[in-house]
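> Please read through the structure below; I'll follow up with questions.
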Amino acid sequence: MKKHFPNVHVVGSNYEDIPARTRRVEHGEILELSEQLNAQVLYTPCHTKGHVQYLIESPDSEEKHLFSGDTFFVAGAGKFFEGDATQMTRNVELMKTLDAKNTKMYPGHEYTMSNFKFAMTVEPNNEALIHKMKQCQELRNEGKPTVPSTLAEEFSYNPFFRVFESSVQQWANAIGDPVETMRIVRERKDHFRA
């Protein structure tokens, strides 16, 4: 892209090498996109060592937009290529500090239906999961995307977000240990075949 548009700015994480990057960003940094739009940089390593997410906000709106890249997906999370369960658990804890109700999440890929199939093995009686899965299947049947979701929704059905919940910890046989629960959820998801 930079070759075709040499004047374009390439903004990227300061925590890893990114070809053609013209501006490095750090966790917590606020980028002014326009007079009415800001992007906060959230450092969320695990999928890659330098992964960042961008939280887009406007002072005129309660609604926020989280571009989660490959850290979080609807009902799922990215593989731990360069990180571990401790880092991903910290990433979820960071999500807990955001306005879950008013934050829409836009992941880098749509793996929603396969993520739901795995989530059903973790919490088959989770009403929020059952409802959202049906809703997303209807969207897919109509050829529509399942994205975005909200962080509040993710905390109600995403097994990676729910590693602090006793139901998921019981399933993982790791009561009281969200990091071990995260490790087991990821390991089983990696080997899951729908």
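> For residues that are surrounded by fewer than 18 Cβ atoms within 10 Å (Cβ to Cβ), over 17 Å from Glu57 (Cα atoms) and in contact with a strand residue (DSSP E or B) (Cβ under 8 Å, 6 or more places away or on another chain), tally how many sit in the range 69-107.
Total meeting the criteria: 0.
> Against the condition at pLDDT 95 or above and out of contact with any Cys (no Cβ under 8 Å at 6 or more places or on another chain), how does Gln137 come out, does it pass?
Yes, satisfied.
> Please work out if Gly78 is of a type outside the set (S, T, N, Q), touching an Asp or Glu at 6+ places or on another chain (Cβ under 7 Å) and closer than 22 Å to Arg188 by Cβ.
yes
> Something else: Here is a check on your reading of the model: is Gln40 crowded, with 16+ Cβ neighbours inside 10 Å and either part of a loop (DSSP other than H, G, I, E, B) or over 14 Å from the mean Cα position of the chain (by Cα) (or both)?
Taking the combined requirement at face value, the residue satisfies it.
> With respect to the numbered conditions (1) closer than 30 Å to Met182 by Cα; (2) assigned to a strand (DSSP E or B); (3) modelled with pLDDT of 95 or more, which one is the sole condition not fulfilled by Leu31?
Just one mismatch for Leu31, condition (1).
> Does Phe118 meet the test of being out of contact with any Leu (no Cβ under 7 Å at 6 or more places or on another chain), at pLDDT 95 or above and either over 19 Å from Gly12 (Cα atoms) or surrounded by fewer than 15 Cβ atoms within 10 Å (Cβ to Cβ) (or both)?
yes
> Under 9 Å by Cβ, and 6 or more places apart or on different chains, what pairs join a residue from the range 95-123 that is farther than 16 Å from Thr146 by Cα with one that is at pLDDT below 95?
Cβ pairs passing all conditions: Asn102/Ser61; Phe118/Ala194.
> Same structure, new question: Between residues in the range 46-67 that are buried (at least 21 other Cβ atoms within 10 Å of the Cβ) and in a loop (DSSP other than H, G, I, E, B) and residues that are at pLDDT below 95 and among the small types (Gly, Ala, Ser), which pairs lie under 7 Å by C-beta distance while being six or more apart or on different chains?
His51/Ser13
The values are calculated or read from the model by the stated rules, or taken from the named source; none is laboratory data. Quantities reported herein were computed from a predicted structural model and do not represent experimental measurements. Methodologically, a virtual Cβ is constructed for each residue, glycine included, from the backbone with ideal geometry; neighbour enumeration extends over all protein chains shown.
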